[in-house]
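To start, the structure itself, in structure tokens.
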Amino acid sequence: MEKPRQVVRKFLARPQHEGVGAVVRRSIGRFELRYFDPFLVLDEFSVSAPAGFPDHPHRGFETVTYMLEGAVTHEDFEGHRGTIKAGDVQWMTAGRGIVHSEMPAGPGTSKGLQLWVNLSSGNKMVEPGYQEIQSKDIACTSADGVTVRVIAGHAMGVQSPVCTRTPTMYLDFTVRPRGVVRQPVLASWNAFAYVLEGEGVFGAERGAPVGAHHLLLLSQGDGLEVWNKSDDRPLRFLLIGGEPIGEPVAQLGPFVMNTEEEIDMTVNDFERYANGFEKARHWKSQAMVALVVE
Ligand code: FJE
Ligand code: FE
């Protein structure tokens, strides 16, 4: 590594209400950090029934849901339905349009992360699609006290099967006490770290340790060094990077396009059930039907 990345800004993601009765810790996508090209939103969510994210649309980007605890059932207007559990990932391309619900499944609290990855203008109107990887199929490897789960991209000699339209790396590291990570990251990409458990020293060995729910924006460089200086606690963090798209962003809630005109067209398409939203006309999720009956 010639030029390790340094921490340029640190954000503590505090809980806020989203969806219906759900709580998210939003780091990217809040006022002080509107957009970190190509990333639109990073939410660490915590939700238990009857709260959730009932029927809502998306257009123009991808949502990546990575479960930490419990489970989430999703259903969409094409009839696609499934449940992702702790350790599973769903990489959903909303493309030209999806309407779906995302609701906690089973007792207890469901926790995880949802990342919104922008799509370039040429990909915003692609066919919607899903890639779902179960925990047991996620590429994982360990060496020298470091374990990495490779959600997207490659690390420590293993490669994720996920195809990302916007080139993205998404790594989940666990570092034993006194361990150190040295991970290359392409120099032209934007990258950040998000701490899940324990405390880590990021970028420069003399820095102050950073704990859970903090997002660290990284400077340009060709990799990242992270130290777990604790004697007894493991460190768990995500390292996420992506190739910047470099296009204008026009956003209205769950619709992300390049211009205000395209946003107006999208609202029109959604209201008129057109150009990808046809199936929204007669669809309601099972979760919504159940709520109305009760
Ligand atoms: C959304 C408000 C929302 N973070 N994390 C407005 F809450 C949502 C939304 C989510 C979401 C869903 C899950 Cl499973 C996890 C989330 C926001 O669904 F899309 C808009 N527009
Ligand atoms: Fe959604």
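Under 8 Å between Cβ atoms, at least 6 apart or on separate chains: pull out the pairs that start in the stretch 168-179 with a residue that is farther than 14 Å from residue 143 by Cα and end on any residue that is among the polar types (S, T, N, Q) and part of a strand (DSSP E or B).
From the stretch 168-179, the pairs are 171/183.
Kindly indicate the residue of the stretch 163-186 that is within 14 Å of the chain's Cα centre (by Cα) and among the β-branched types (Val, Ile, Thr) and also surrounded by the fewest Cβ atoms within 10 Å (Cβ to Cβ) among those meeting that condition.
By that ranking, first place goes to 166.
Can you find even one residue in the stretch 102-112 that is modelled with pLDDT of 95 or more, out of contact with any strand residue (DSSP E or B) (no Cβ under 9 Å at 6 or more places or on another chain) and away from ligand 1 (no atom under 15 Å from the Cβ)?
no
Would you check which residues across the stretch 194-229 are under 24 Å from residue 43 (Cα atoms), without any contact (Cβ under 8 Å) to a residue 24 or more places away in the chain and over 17 Å from the mean Cα position of the chain (by Cα) and list them?
209, 211
Would you please list the contacts, defined by Cβ atoms under 6 Å and residues six or more apart or on different chains, that run from a residue in the stretch 238-266 that is touching a residue at least 24 places away in the same chain (Cβ under 8 Å) to a residue that is within 16 Å of ligand 1 (Cβ to nearest atom) and of a type in the set (Lys, Arg)?
255/59; 266/59
Is one or more of the residues making up the stretch 34-46 among the charged types (D, E, K, R) and near ligand 1 (Cβ under 10 Å from one of its atoms)?
The answer is yes; a qualifying residue exists.
Being within 22 Å of residue 247 (Cβ to Cβ), within 14 Å of ligand 2 (Cβ to nearest atom) and in contact with a helix residue (DSSP H, G or I) (Cβ under 9 Å, 6 or more places away or on another chain) is true for just one of 93, 73. Which residue is that?
Result: 93 is the single residue among 93, 73 that is within 22 Å of residue 247 (Cβ to Cβ), within 14 Å of ligand 2 (Cβ to nearest atom) and in contact with a helix residue (DSSP H, G or I) (Cβ under 9 Å, 6 or more places away or on another chain).
Only strands (runs of 3 or more DSSP E) wholly contained in the stretch 1-114 count here; list those with 2 or more residues that are within 17 Å of residue 170 (Cα to Cα).
39-47, 61-69, 89-93
Just for the stretch 113-127: of the residues that are closer than 22 Å to residue 82 by Cα and within 17 Å of the chain's Cα centre (by Cα), which one is surrounded by the most Cβ atoms within 10 Å (Cβ to Cβ)?
That would be 115.
In this structure, is residue 85 within 11 Å of ligand 1 (Cβ to nearest atom) and touching a strand residue (DSSP E or B) at 6+ places or on another chain (Cβ under 8 Å)?
It is false that residue 85 is within 11 Å of ligand 1 (Cβ to nearest atom) and touching a strand residue (DSSP E or B) at 6+ places or on another chain (Cβ under 8 Å).
Within the stretch 132-156, which residues are surrounded by fewer than 20 Cβ atoms within 10 Å (Cβ to Cβ) and within 16 Å of ligand 1 (Cβ to nearest atom)?
Passing the criteria: only 132.
The values are calculated or read from the model by the stated rules, or taken from the named source; none is laboratory data. Given the structure is predicted, the values throughout are model-derived calculations rather than measurements. Cβ sites come from the backbone with ideal geometry, for glycine too, and all protein chains shown count toward neighbours.
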